[in-house]
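K.L.:
Have a look at this one.
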Amino acid sequence: MGVKEAYQIKADSQLCEWQGWIEQYKTSDGAGDYQRLEQAYQTARSRLNDLSTSSDDRWEFSKQAVERAMIDLKRLLDESGAAQNARYLTLQTSRSYAYQPFYRRS
């Protein structure tokens with residue numbers, strides 16, 4: 001398995017986990033931020049699908065688009081409170097530091 005395939009599997013796994021959080025949030029807290037979360041999730045999923053069809057010379061650009069979309073989704077998960085059980089989760093990317101969740105003010 002190559003680096004590209006390993007990255008896709010890892011990103012897909014992370015998106016599946018986050019989709020579960022979004023669905024739990026929808027059933028527990030109503031539709032407050034659900035539409036924004038769902039839209040960000042669909043964007044990240046679309047970028048990941050684009051990555052699978054990208055050529056080797058465009059792979060880095062596609063990977064960066066996936067990472068940006070996932071960082072945006074993670075930020076929305078933190079802001080909405082949908083990731084309450086995952087407060088200390090950090091997004092693992094090729095960079096040493098991509099995004100650290102911030103905390104909602106009480």
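K.L.:
Calculate, in nm to one decimal, what residue 12 and residue 58 gain on full extension: separation in residues at 0.36 nm each, minus their alpha carbon distance.
P.N.:
Length gained, residue 12 through residue 58: 14.6 nm.
K.L.:
What ranking do 72-83, 35-46 get when scored by the average of other Cβ atoms within 10 Å per residue, highest first?
P.N.:
Highest mean packing first, the order is 72-83, 35-46.
K.L.:
Give me the distance in nm between label points sitting 7 Å out from Cα along the Cα-to-Cβ direction at residue 35 and residue 72, one decimal.
P.N.:
Between residue 35 and residue 72, the simple spin-label model gives 1.7 nm.
K.L.:
Let me ask something else. For the stretch 3-84, what does the alpha-carbon gyration tensor say about shape, rounded, prolate or oblate, given a ≥ b ≥ c as the root eigenvalues, a/c under 1.5 as rounded, and a/b over b/c as prolate?
P.N.:
Verdict is prolate for the stretch 3-84.
K.L.:
Something else about it: Treating only the Cβ of Lys, Arg, Asp and Glu as charged (+1, +1, -1, -1), what charge dipole size does the stretch 3-84 show about its Cα centre? Round to the nearest 20 debye.
P.N.:
80
Every number in this text was worked out from the coordinates using simple rules, so none of it is lab data. The structure presented is a predicted model; accordingly, all values stated were derived computationally and were not measured. All Cβ positions, glycine included, derive from the backbone under ideal geometry; neighbour counts span all protein chains shown.
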